[in-house]
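Peer 1: Okay, here's the structure, questions in a sec.
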Amino acid sequence: MSNLSRRNFVAALGTGAAAVWLTAEARDVLAAGARAAAAAKAQAPFKVLTADQAADLDAATSRIIPSDGTPGAHEANVVRFIDESLAGWAKNQKDDVNKLVAELRRLAAEKHKLEALAGPITGHRYHYLRVDPHRNLAPLADLGLRYDTTLGFPDALGFRAGIARPFRPWNFEREEPLDLIEVPLAAMDATLAEERYLGLAAKRAEPQLMQLLDWAAEFGGAFAVLWHPDRFDPATSGGWDRLYWRLLAGAQERGGSCVPAAELVSSHST
């Protein structure tokens, strides 16, 4: 694995089995690297990975460690190294790699289907706010998405990362920011309304939202809010539809602006 550190290899692999790869015996890593170089030179068939899996991993790892003036993941034969390792010392990690490839394919397939219906997609939010900054933000950048709006509390207002403006989340493996903008989610209708969380009526929730706007106006915050479609049915919304519009009006009254997340990201530099 010339020109590629073990830490960068793990960043390229990006699996939950990172600790196993980082703590591997040096002799095993060097031997697998030598076999990978020989297999690449001979254009030998892969031993464990299918051709499709190899292509998916090559695309993903090349995006994380590109060939931008220096050898990247492709030139370092990262996929060959994965294959040789899975055929030898890392054979117990086959399921982890299979799951990784399946997840990459699923995310790419979902993005493709949505774009076929609605055109280019640049942003994303995980359902139920199921985001793990250590694990599932990097794949979004790998797919070319520009921003995410998931990072928030399901049961409270506020800023989960302690940052009240768009920012680039940290890539813990590569020790650098991700090529992705996180727009912090500061308020969600379900947080305020549902019994499993705060269980407030719209009238009682309004003062908390206005306090959030006051704070943002004082300190220059910029964040996302989330209102689900069912809150806009006047017959069943319980006043949450009207509260949403008062929230937007309140932001404008305080000198702020209300724009789609994509527009906010386009105007934001990090």
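The values are calculated or read from the model by the stated rules, or taken from the named source; none is laboratory data. For clarity, every value in this text was computed on a predicted model and none was experimentally measured. Here the Cβ is made from the backbone with ideal geometry for all residues, glycine too, and neighbour counts use every protein chain on show.
Peer 1: What is the one condition in (1) surrounded by fewer than 16 Cβ atoms within 10 Å (Cβ to Cβ); (2) of a type in the set (A, V, I, L, M); (3) modelled with pLDDT of 95 or more that LEU247 does not satisfy?
Peer 2: (1)
Peer 1: From the list ALA161, ALA186, which residue is among the small types (Gly, Ala, Ser), assigned to a strand (DSSP E or B) and either free of Cβ contacts under 8 Å to residues at least 24 places away in the same chain or touching a strand residue (DSSP E or B) at 6+ places or on another chain (Cβ under 8 Å) (or both)? Break it down stepwise before answering.
Peer 2: Numbers: ALA161 fails: assigned to a strand (DSSP E or B).
Being among the small types (Gly, Ala, Ser), assigned to a strand (DSSP E or B) and either free of Cβ contacts under 8 Å to residues at least 24 places away in the same chain or touching a strand residue (DSSP E or B) at 6+ places or on another chain (Cβ under 8 Å) (or both) holds for just one of ALA161, ALA186, which is ALA186.
Peer 1: Return the residues of the stretch 138-158 that are in a loop (DSSP other than H, G, I, E, B), among the charged types (D, E, K, R) and closer than 24 Å to ALA109 by Cβ; say none if nothing qualifies. Show your work before the answer.
Peer 2: Taking the stretch 138-158 and keeping what is in a loop (DSSP other than H, G, I, E, B), we get 143-146, 149-158.
Among the residues that remain, those that are also among the charged types (D, E, K, R) are: 146, 155.
Passing the criteria: only ARG146.
Peer 1: Looking for something in a helix (DSSP H, G or I) and either within 26 Å of the chain's Cα centre (by Cα) or modelled with pLDDT under 95 (or both) - is there at least one such residue anywhere in the stretch 197-205? Quick ask: steps written out before the conclusion?
Peer 2: First pass over the stretch 197-205, keeping only residues in a helix (DSSP H, G or I): 202-205.
Now drop any that are not either within 26 Å of the chain's Cα centre (by Cα) or modelled with pLDDT under 95 (or both), which leaves none.
Among the residues of the stretch 197-205, not one is in a helix (DSSP H, G or I) and either within 26 Å of the chain's Cα centre (by Cα) or modelled with pLDDT under 95 (or both), which makes the answer no.
Peer 1: Would you check which residues across the stretch 124-149 are over 18 Å from GLU173 (Cβ atoms) and over 9 Å from the mean Cα position of the chain (by Cα) and list them?
Peer 2: Let us first name the residues in the stretch 124-149 that are over 18 Å from GLU173 (Cβ atoms), namely 124-130, 144-147, 149.
Selection gives HIS127, TYR128, LEU129, ARG130, GLY144, ARG146, THR149.
Peer 1: Can I ask one more? Where residues in the stretch 132-153 are more than 14 Å from PHE167 (Cβ to Cβ) and of a type in the set (A, V, I, L, M), which of them is surrounded by the most Cβ atoms within 10 Å (Cβ to Cβ)?
Peer 2: My answer is LEU140.
Peer 1: Kindly provide the set of residues from the stretch 167-183 that are surrounded by fewer than 20 Cβ atoms within 10 Å (Cβ to Cβ) and in contact with an Asp or Glu (Cβ under 6 Å, 6 or more places away or on another chain), ordered by number. Break it down into steps so the answer makes sense when it comes.
Peer 2: In the first step, residues of the stretch 167-183 are kept if they are surrounded by fewer than 20 Cβ atoms within 10 Å (Cβ to Cβ); the result is 167-168, 170, 172-177, 179.
Residue satisfying the conditions is PHE167 alone.
Peer 1: From the list SER237, SER257, which one is modelled with pLDDT under 95 and under 30 Å from the mean Cα position of the chain (by Cα)?
Peer 2: Working: SER237 fails: under 30 Å from the mean Cα position of the chain (by Cα).
Going through SER237, SER257 in turn, the sole match is SER257.
Peer 1: Related question: For ALA235, indicate whether it is outside any loop (DSSP other than H, G, I, E, B), farther than 27 Å from ASP132 by Cα and of a type in the set (A, V, I, L, M).
Peer 2: Values: outside any loop (DSSP other than H, G, I, E, B): no; farther than 27 Å from ASP132 by Cα: yes; of a type in the set (A, V, I, L, M): yes.
No, not satisfied.
Peer 1: Please go through the stretch 123-137 and give me each residue that is of a type in the set (A, V, I, L, M) and either farther than 17 Å from VAL183 by Cβ or outside any helix (DSSP H, G or I) (or both), ordered by number. Before the answer, list the steps.
Peer 2: Step one: list which residues in the stretch 123-137 are of a type in the set (A, V, I, L, M), which gives 129, 131, 137.
Selection gives VAL131, LEU137.
Peer 1: Show the residue pairs that are 6+ apart or on different chains and have beta-carbon atoms under 6 Å apart, the first residue being within the stretch 99-124 and among the hydrophobic types (A, V, I, L, M, F, W, C), the second being in a loop (DSSP other than H, G, I, E, B) and at pLDDT 90 or above.
Peer 2: As it stands, the answer is LEU114/ILE121, since those pairs meet every condition given.
Peer 1: Follow-up question, since we're still on this one. Being surrounded by fewer than 18 Cβ atoms within 10 Å (Cβ to Cβ), of a type in the set (A, V, I, L, M), at pLDDT below 90 and farther than 18 Å from LYS91 by Cβ is the requirement here; does ALA51 meet it?
Peer 2: Values: surrounded by fewer than 18 Cβ atoms within 10 Å (Cβ to Cβ): yes; of a type in the set (A, V, I, L, M): yes; at pLDDT below 90: no; farther than 18 Å from LYS91 by Cβ: yes.
So ALA51 does not fit the description; no.
Peer 1: Also: Residues that are closer than 30 Å to VAL265 by Cβ and basic (Lys, Arg): does the stretch 126-133 have at least one? Break it down into steps so the answer makes sense when it comes.
Peer 2: Applying the first criterion (closer than 30 Å to VAL265 by Cβ) to the stretch 126-133 yields 126-133.
Applying the additional criterion that residues be basic (Lys, Arg) yields 130.
There is at least one residue in the stretch 126-133 that is closer than 30 Å to VAL265 by Cβ and basic (Lys, Arg).
Peer 1: If the Cβ limit is 6 Å and pairs must be 6+ apart or interchain, which residue in the stretch 195-206 that is over 16 Å from TYR244 (Cβ atoms) and outside the structural domain of PRO154 (by TED's automatic domain parsing) pairs with which residue that is assigned to a helix (DSSP H, G or I) and of a type outside the set (D, E, K, R)?
Peer 2: Close Cβ pairs satisfying both conditions: none exist.
Peer 1: Here's another thing I want to ask about it. Would you point out which residue out of VAL48, VAL29 is outside the structural domain of PRO154 (by TED's automatic domain parsing), assigned to a loop (DSSP other than H, G, I, E, B) and either over 21 Å from the mean Cα position of the chain (by Cα) or touching a residue at least 12 places away in the same chain (Cβ under 8 Å) (or both)? First the steps, then the outcome.
Peer 2: Values: VAL29 fails: assigned to a loop (DSSP other than H, G, I, E, B).
The unique qualifying residue is VAL48.
Peer 1: Taking the stretch 66-88, which residues are crowded, with 23+ Cβ neighbours inside 10 Å and outside any helix (DSSP H, G or I)? Even if it seems obvious, please write down each step before you answer.
Peer 2: If we filter the stretch 66-88 for residues that are crowded, with 23+ Cβ neighbours inside 10 Å, which is where we start, we get 73, 76-85.
Listed by number, the residues that qualify are ALA73, ALA76, ASN77.
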